[in-house]
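These notes concern the structure reproduced below.
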Amino acid sequence: MTLSAAHWFDDEAGPLVRPYAMTGGRTRPDTGGGRLDLIAQVFAEPGAADDPALAPEHTMILALCRGEPLSVAELAADSDLPVGVVRVLLGDLLARGNVRVLGPVPPAQLPDEHILREVINGLRAL
């Protein structure tokens, strides 16, 4: 039994672009050794969306984080793209200087639990 091309597409789904086409076949972001955590905050640099060399997906990511910083996970959800694709696209934007990414605070730099309990106890004593 042969399937016609009509069975492979859903008219309601709209145009289909495979993730590997958006990333040029890359599966890892080029971040210069840095890591893009899911909770890392992404900031669009002023004027970054004006770059005519950007793909539509890059421009969409810039538009999403232009008003306020968004996490990598939020960008993936809002853009309806897989997280891996968003990470690769963010790597491109980082390399071009179009975005700034602030990673999460490492656990070693977080306040000690004992200090936080002392602060809470002190506030309760007021």
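In the condition set (1) in contact with a helix residue (DSSP H, G or I) (Cβ under 7 Å, 6 or more places away or on another chain); (2) part of a helix (DSSP H, G or I); (3) of a type in the set (A, V, I, L, M, F, W, C), residue 101 is compliant with all but (2).
Look at (1) part of a helix (DSSP H, G or I); (2) surrounded by 10 or more Cβ atoms within 10 Å (Cβ to Cβ); (3) at pLDDT below 90 and you find that residue 77 fails only one, number (3).
The values are calculated or read from the model by the stated rules, or taken from the named source; none is laboratory data. It should be emphasised that the depicted structure is a prediction, and the values quoted were computed from it without experimental measurement. With ideal geometry, Cβ positions are generated from the backbone for all residues, glycine too; neighbour counts draw on all protein chains shown.
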